[in-house]
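These notes are about the structure you will find just below.
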Amino acid sequence: MSDNDYLQDLLKSQELEEGCDELDALDTERDKVDDLLKEAFPTSNPNFTHGGSRAKGTMIREDYDLDEVCYFDHDDTGPGDTLEEIYESVAAVLEENYMVRRKRSALRLKTKSGKDLRIDVVPGRYTSDEGTDVFLHQNEGDKERLKTNLEVQIAHVRDSGCTDVIQLTKLWRTRNAIGIKTFPLELLVIEVLDGNNGGNLQVRFERVLNEFADNIDDLYIEDPANPTGNNLSHALTDELRQTLADVARDTIDAAAEHGWEHIFGKLEMKATTLPKVAALGAAAAAVGGAAPPWASEDK
């Protein structure tokens with residue numbers, strides 16, 4: 001089997017088909033969340049829709065979740081007068097049934113016993129009657145609010161022609177515990193391949209990793225829904241750029257010497273999610289070599 005065939009089969013092993021147990025569980029919990037918020041704000045008629053990797057076509061089995069956006073009309077003050085009040089009102093409703101972790105603009109849900117449900121709820125308010133652009137509250141950064149458009153973001157990624165490479169890069173990110181958020185990573189891959197998206201999966205993936213290794217400081221990302229208004233510098237700190245460059249170079253060198261199965265492991269081992277160190281150790285054992293140099297908890 002060629003390296004490219006292996007990577008193609010690896011992606012197939014990471015597919016989550018509609019109707020599978022994992023997605024059914026997400027949808028069941030999502031419906032509960034929607035019902036709770038509809039009941040809590042009966043006069044508001046909040047608009048719910050899917051975001052995230054499922055809508056973009058970049059979901060992988062090993063690291064998936066569901067973004068459930070909850071947008072209110074631009075003149076609706078039922079859930080609160082300000083974006084922060086809306087955010088906190090939605091959080092308070094959810095906290096009656098879940099453990100809620102406040103993120104930058106989203107609310108991460110766990111059961112009361114602490115099990116992660118893989119669901120982020122994103123409250124917001126439409127900027128006008130058109131129901132397209134929205135304002136989101138931000139807990140961090142210089143700006144209290146963020147103007148964006150979910151549909152534009154989804155289309156930018158979904159229609160990029162890079163979703164397969166994005167999925168593989170996400171798996172690489174997850175296996176190496178690199179702390180970059182999914183949307184900035186998707187934008188980075190699209191940025192790298194924008195000028196040259198030719199070749200098979202292996203060629204394009206290696207092009208991305210080589211660019212990370214050699215030119216990470218030259219890569220720039222922007223929110224396609226608000227290019228000049230949203231600063232994404234927080235998503236690519238100097239430390240994170242260095243980590244991406246270091247791990248990308250280690251990966252390219254190891255793959256060139258041992259092949260890609262050494263990096264990701266035998267496909268039958270990927271039926272269930274393995275912790276990062278266990279997965280990398282299994283990959284090394286599969287080819288009879290030592291563990292890759294980045295296979296440590298300190299990375």
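Quick note: the coordinates plus some simple rules give every number you see, no bench work behind them. Bear in mind the structure is a predicted one, so any value in this text is a computation, not a measurement. Here the Cβ is made from the backbone with ideal geometry for all residues, glycine too, and neighbour counts use every protein chain on show.
Rounded if a/c is under 1.5, else prolate if a/b is larger than b/c, else oblate: which is region 86-187, with a ≥ b ≥ c the root eigenvalues of its Cα gyration tensor?
Note, shape of region 86-187 comes out oblate.
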Completion exercise
Treating only Lys and Arg (+1) and Asp and Glu (-1) as charged, each at its beta carbon, one finds that the chain has a dipole about its Cα centre, in Debye to the nearest 20, of 740 debye
Problem - 22 Å Cα-Cα threshold exceeded, pairs from 110/181; 38/147; 143/181; 32/112; 32/147; 103/181 - result: 38/147; 32/147
Practice task
Working from Cα positions, state the angle (0 to 90°, nearest 10) between the long axis of helix 3-13 and the longest principal axis of the chain.
Solution key: 30 degrees
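Per the helix-only calculation at 222 nm, which mean residue ellipticity applies to the chain, given -39500 (n - 2.57) for every DSSP H run of n ≥ 4 and division by its residues, nearest 500 deg cm²/dmol? Don't skip to the answer; put the middle values down first.
Details: 11 runs with 135 residues, N = 299.
About -14000 deg cm²/dmol.
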Completion exercise
Given the candidates 148, 59, 26, the one whose Cα lies deepest towards the positive end of the charge dipole of region 21-148, counting +1 at each Lys or Arg C-beta and -1 at each Asp or Glu C-beta, is 59
Fill in the blank from the handout: In degrees rounded to 10, the 0-90 angle between helix 163-175 Cα long axis and the longest Cα principal axis of the chain is 80 degrees
Practice task
Of all alpha-carbon pairs in region 130-172, indicate the percentage at a distance above 13 angstrom.
Solution key: 67 percent
Problem - Highest-first arrangement of 235-243, 177-185, where packing means the average Cβ count within 10 Å - result: 177-185, 235-243
Completion exercise
Helix 238-258: inclination vs the chain longest Cα principal axis, degrees, rounded to 10, gives 40 degrees
Problem - Radius of gyration, Dmax [region 176-257; alpha carbons; angstrom] - result: 13.0, 44
Exercise for the section: Specify the inter-centroid distance of region 164-241 and region 95-146, based on alpha-carbon positions, in whole Å. Expected result: 24 Å
Completion exercise
In the chain the DSSP beta bridges are antiparallel at a rate, in percent to nearest 5, of 75 percent
Practice task
Give me the distance in nm between label points sitting 7 Å out from Cα along the Cα-to-Cβ direction at residue 84 and residue 128, one decimal.
Solution key: 2.8 nm
Handout entry: Dipole of the chain [Lys/Arg +1, Asp/Glu -1 at C-beta], most positive-end residue of 215, 198, 43
Key = 215
Practice task
Just need the Rg to Rh number for region 155-203, please, alpha carbons only, Kirkwood Rh.
Solution key: 0.95
Handout entry: Over region 21-148, equivalent-ellipsoid semi-axes from the Cα gyration tensor in Å
Key = 23, 16, 15
Exercise for the section: Would you mind classifying the chain by shape? Square roots of the alpha carbon gyration tensor eigenvalues, ordered a ≥ b ≥ c; an a/c under 1.5 is rounded, otherwise it is prolate if a/b is larger than b/c and oblate if not. Expected result: prolate
